[in-house]
Amino acid sequence: MGEFVGTRDGKLDSKNRILIPADFRPEGRDAAEQLAFRLSFQRPCIEAQSRIAFDALLASIARMPMLSEERDEMESAIIAETALIRPDNESRVVLPPEMLREAGFAPGTELALVGKGDRFEIWSRAGWQAQRASVLNRARERGLTLPAQALPPTPSAVS
């Protein structure tokens with residue numbers, strides 16, 4: 001699966017297109033592959049992921065008990081709200097107007113495309129700046145840490 005790392009600036013142009021940065025383009029950097037876009041139900045942004053990652057998400061939902069309330073909620077919040085879109089020849093995507101409207105994006109909106117490992121999020125730049133400040137503050141206040149992991153051995157020096 002692809003890795004989406006870092007934050008890139010973007011803009012919603014007058015035709016409601018967003019340029020996908022080169023390092024955020026589909027798996028294997030194959031322009032013919034679709035990306036999956038949906039409104040986040042957790043944050044005020046649009047989430048995007050590769051088709052391969054989206055298919056893995058579909059498989060996870062399919063393993064949930066059939067007709068369960070949790071499965072129905074996941075299907076409604078994720079599957080029904082996803083748009084599968086191929087970037088055009090210039091690596092731009094046109095998202096559904098209702099998705100853009102619900103995210104609060106209008107032509108000319110300055111954007112932040114935020115890498116999250118297996119996916120990226122599309123925020124208004126101002127919204128991302130506020131979110132980033134809030135997340136960094138909470139992480140500092142909580143003293144968040146990760147467990148140390150051993151690094152793979154380095155190759156021996158060539159003599």
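Every read-out reported here was derived from the displayed coordinates using simple, explicitly stated rules and does not represent laboratory data. Everything numeric in this text was worked out from a predicted model, so none of it was measured. FYI the Cβ positions are ideal-geometry reconstructions off the backbone, even for glycines, and counts take in every protein chain you see.
Here are a few things to note about the model shown:
- In this calculation the C-beta distance from Arg71 to Val94 is compared with R0 = 35 Å, giving a FRET efficiency of 0.70.
- With K and R counted +1 and D and E -1, the other residues having a Cβ less than 13 Å from that of Gly108 yield a net charge of +2.
- Just checking the listed ones, Ala36, Ala103, Ala130: in the Gaussian network model of the chain with Cα springs under 10 Å, the one fluctuating most is Ala130.
- When the chain is treated as a GNM with alpha-carbon contacts under 10 Å, the residue of Ser134, Ser60, Ser68 showing the greatest mean-square fluctuation is Ser68.
- Computed over the Cα atoms of the stretch 4-159, the ratio of the radius of gyration to the Kirkwood radius (Rg/Rh) comes to 1.04.
- Computed from label points 7 Å out along Cα-Cβ, the spacing between Arg86 and Gln42 is 3.1 nm.
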